[in-house]
Every structure is written in structure tokens, then in C-alpha cells.
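See structure below.
Here, each number is a calculation from the coordinates, and none is a lab measurement. As the structure is a computational prediction, the values presented were derived from the model and not from experiment. Positions of Cβ are backbone-derived with ideal geometry, glycine not excepted, and every protein chain shown enters the neighbour counts.
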Amino acid sequence: MDDIGYKDTASYIAINYKNNVRKWICRLMIKEKQRILIIPDENKKDTKISISNIYELENYKDDLVEVLKRYL
């Protein structure tokens, strides 16, 4: 799991592969009343998913694994 890192920016938290910002697995935008999971497609186009809490990330495990497989 040392290959997975994160970067906290002003507007989101990025989960990256090998601390490379170009190899992002997902982004989390967490605001007071809104939480958004952003997953890149094959062309790095954003897919935005509204979630109600952090535990919902488990529902997107397969999608996140697919993104990670692109970098392996």
C-alpha cells in the first residue's frame, strides 16, 4: 500500500498512485452540505458521484480498482 498516497488541495483531496498527480485514482470534494467522489474514466474525464458519507466509498471499490489497474 506504499504506492497509494494523497494530496490535500484547497478544493479536494486526491488519492494518487505513487504520489504522481497525473496518476490519480479518485478525488474527494467534501463541503459542509455536499460530498462528491470523482473518478476518472479511461480518458481522464471526471465522473462525479454524490455521496452522503465516507462509508459509501466501499460501493465504488470495483470502479476504483479499475482505475488503479490502468496504472499497473
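Specify the residue that is nearest to residue 4 (Cα to Cα); the eligible residues are those in region 21-36 that are exposed (fewer than 12 other Cβ atoms within 10 Å of the Cβ) and of a type outside the set (Val, Ile, Thr). Give the derivation first.
If we filter region 21-36 for residues that are exposed (fewer than 12 other Cβ atoms within 10 Å of the Cβ), which is where we start, we get 21-22, 31-34.
Narrowing the set further to residues that are of a type outside the set (Val, Ile, Thr) leaves 22, 31-34.
Details: 22: 13, 31: 24, 32: 26, 33: 28, 34: 25 Å.
Selected residue: 22.
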Quiz item: Among the residues of region 7-20, which ones are over 17 Å from residue 51 (Cβ atoms) and surrounded by fewer than 16 Cβ atoms within 10 Å (Cβ to Cβ)?
Solution: 7, 8, 9, 10, 18, 19, 20
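Would you check which residues across region 37-71 are aromatic (Phe, Trp, Tyr) and either closer than 21 Å to residue 3 by Cβ or touching a residue at least 24 places away in the same chain (Cβ under 8 Å) (or both) and list them? Can you show your working first?
As a first pass, look at region 37-71 and keep what is aromatic (Phe, Trp, Tyr): 55, 60, 71.
Within region 37-71, 60, 71 qualify.
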Quiz item: Within region 48-72, how many residues turn out to be surrounded by 13 or more Cβ atoms within 10 Å (Cβ to Cβ) and more than 11 Å from residue 25 (Cα to Cα)?
Solution: 5
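Considering only residues that are part of a strand (DSSP E or B) and of a type in the set (Lys, Arg), look in region 21-45 and name the one that is nearest to residue 63 (Cα to Cα).
Keep residues of region 21-45 that are part of a strand (DSSP E or B), which gives 21-30, 35-40.
With the extra rule that they be of a type in the set (Lys, Arg), the set shrinks to 22-23, 27, 35.
Numbers: 22: 18, 23: 15, 27: 13, 35: 18 Å.
Here the residue is 27.
So which residues in region 1-20 are under 15 Å from residue 68 (Cβ atoms) and either assigned to a strand (DSSP E or B) or not basic (Lys, Arg) (or both)? Explain how you work it out, then say what you get.
In the first step, residues of region 1-20 are kept if they are under 15 Å from residue 68 (Cβ atoms); the result is 1-6, 14-20.
Across region 1-20, the qualifying residues are 1, 2, 3, 4, 5, 6, 14, 15, 16, 17, 19, 20.
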